[in-house]
């Protein structure tokens, strides 16, 4: 089966303890004609975003059932042969009721257990935003075809406002539902996108119920928070070494600038990184004689692409890479998205991070002095 790209509404693996040992039963009712014997799959999504079969059953007279025992909470997905889409279901012990029309799996009703009720509460509101977005896209297309620029501008502004409302809704949901697994899942996504400060993430995590703190996703958040503390401003940057484009080993301590060092996590395949590179080149050429050094840490998967990007963008500073994507260096710096920058003083202490564009140049000028 081809790779499934799942968004927020069909989120990733969940896990936690569940005291109900009576097992689970997914009891589904289908509205619309589906031939008896049609195969139904229960799948989970692997770490590499591929569906893995967990169980199969068949449709009989518009119904199907899955049974099992949930040792831990898990978000799995119902796929029906020859029907597009899927239905996300939180696997937890108890009776899980699923009702849907065969032509609109995305609007399935899931109820019967605590976590599925909480998940459905979130989905109901998220679908409202999705419907509004769809309507605005249709209106925008009509305005574009009629060359109505005023309406296009108004719709763009309305879209931005709605996106902010959606973000506020998610944040409020997390805070108001510390007992919901979806809250932990949302927090992990928000944290990865750096939409909240580490302090805010910590406060929300601390408010989670013991059951949610025991889940795999909450444990991942906790681990990331602990890693982040090691790369907080004022901490000594983690040491690392890796091969240069010439195959020689270079350590961070060997490449520190006399005044300032920028550790730049990037990759040749990363469009935002490549877009920022001209700014880095300009800053480097302007301040290198004043004690600025840059160490590029590539998260490329191809040595050839890495070297070609260095040459194409004119990046005339130190570079290292294990050519292993998000490798142990990225993990030690808690880098989960790129570009990511860390600014170090002459002793390798982190004094700023995640700056780009004018903000980055202003900080470098502040640290090394005006030219």
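Sorting 198-205, 58-65 by average packing, meaning the other beta carbons within 10 Å per residue, from highest down gives 198-205, 58-65.
Between 186, 225, 360, the residue with the greatest mean-square fluctuation in the GNM of the chain (Cα pairs under 10 Å linked by springs) is 360.
For labels at residue 141 and residue 235 in the simple 7 Å Cα→Cβ model, what's the distance in nm? Result for the modelled spin labels: 4.7 nm. Treating each Cα of the chain as one equal point scatterer and applying the Debye formula with no solvent, the log10 of I(q)/I(0) at q = 0.10, 0.12, 0.15 Å⁻¹ comes out as -0.82, -1.05, -1.25.
Length gained on full extension, residue 251 to residue 95, computed as 0.36 nm times the residue gap minus the Cα-Cα distance: 50.5 nm. Here the contact order of the chain, divided by its residue count and restricted to Cα pairs under 8 Å and six or more residues apart, works out to 12 percent.
Each of 42, 299, 355 has some number of other Cβ atoms within 10 Å of its Cβ, and from fewest to most they run 355, 42, 299. Each principal axis of the Cα cloud of segment 241-368 was taken in turn, and the coordinate range along them, longest first, works out to 36, 27, 26 Å. Between 0 and 90 degrees, the angle of helix 198-207 with respect to the longest Cα principal axis of the chain falls at about 30 degrees.
The peptide list 273-286, 138-151, 68-81, put in order of mean Cβ contacts within 10 Å with the highest first, becomes 68-81, 273-286, 138-151. The modelled label-to-label distance for the pair residue 46/residue 228, using points 7 Å beyond Cα in the direction of Cβ, is 3.1 nm.
Rounded to the nearest 500, the 222 nm mean residue ellipticity of the chain from helices alone is -13000 deg cm²/dmol, with -39,500 (n - 2.57) taken per DSSP H run of at least 4 residues.
By other beta-carbon atoms within 10 Å, ranking 240, 342 with the fewest at the front produces 240, 342. Shown is the FRET efficiency for residue 324 and residue 209, computed with R0 = 22 Å from the Cβ-Cβ distance and rounded to the nearest 0.05: 0.05. Scaling the Cα radius of gyration of segment 98-185 by the globular reference 2.2 N^0.38 Å produces a ratio of 1.38. The long axis of helix 271-287 is offset from the longest Cα principal axis of the chain by roughly 20 degrees. Across segment 26-135, Cα-Cα pairs more than 20 Å apart make up 40 percent of the total.
FRET efficiency for the residue 56 to residue 151 pair, using the beta carbon distance and R₀ = 45 Å, is estimated at 0.35. Using alpha carbons only, how many degrees (0 to 90, rounded to 10) separate the axis of helix 216-230 from the longest principal axis of the chain? For 216-230 against the chain, the angle is about 10 degrees. I need the Debye-formula profile for segment 167-285: one equal scatterer per C-alpha, no solvent, reported as log10 I(q)/I(0) at q = 0.10, 0.16, 0.19 1/Å, two decimals. Computed log10 I(q)/I(0) values: -0.48, -0.92, -1.05.
No lab work stands behind these numbers, since they all come straight from the coordinates. These numbers were taken from a predicted model, which means no experiment stands behind them. Glycine gets a Cβ as well: all are built from the backbone with ideal geometry, and neighbour counts include every protein chain shown.
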